[in-house]
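Here's the structure we're looking at; comments come further down.
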Amino acid sequence: MKNEFQVLARRYAQAYLHVFGKNMTLDQAQKLPVVADILEKHRSLLIFAAVPQTEERSKRHIVDLFKMAGFDASLYSSLFDLVTADNRLVIMSEILRKIYTLYLESQGIMHFILESAIPLQDDERNILVAFLHKKTQKEIHYTLVVNPALIAGIKMYSDGLGFEHSIQQRLNVLSTKQWSTI
């Protein structure tokens, strides 16, 4: 996503949390990336809803996604109305992700994606979480992803931090060094 849209999504998320953040629970916040994934996979819903001629009840189907995910509709219908009125509905999934990230930050929590070439054992996960906690001084929540392209190693990243130790990274570094010496 273009940087300007990320900045805009962050501003919407900050404004939303300023007004509704006190009413949000961790359980609700953790569902936001799920709804964002649904909206991204069905991007045509957002494009269709953004067309001015689209009936209001058709636009409300998106709000129904929030209801099905267990959200209080009153919390999200105002966000939906604002984003729709500003013709910014196409960045709704990014806004939801930013709300999630900023909410976690306000609670002293960071969410990381932990990518590894093979599934991690419990003790390995515990070591990585302890490392991230030591570096950030925050409670760590994470999502595990198996990525064979890493070849071997680990990649850990959040909205603002990233750590990688993998053969793929080493190959990239070596490749860059070779080209810079030619």
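Since every read-out is calculated from the coordinates, none of them should be taken as a lab result. In this text, all values refer to a predicted model and were calculated from it rather than measured experimentally. Because the Cβ atoms are built from the backbone with ideal geometry, glycine has one as well, and the counts that use them run over all protein chains shown.
For the listed residue pairs K22/K98; K41/K67; K41/K155; K22/K138; K22/K135; K41/K98, the alpha carbons are over 22 angstrom apart in K41/K155; K22/K135. The listed peptides 10-21, 87-98, 162-173, ordered by packing as a protection proxy, come out as 87-98, 10-21, 162-173 (highest mean of other Cβ atoms within 10 Å first).
Its Cα gyration tensor gives the stretch 108-181 an equivalent ellipsoid, and the semi-axes of that ellipsoid, as √(5λ) in whole Å with the largest first, are 25, 15, 9. Database remark: amide H of S166 closer than 5 angstrom to the amide H of I154 (H placed geometrically; neighbours at sequence offset of 5 or more, or on other chains; Pro and chain starts carry no H).
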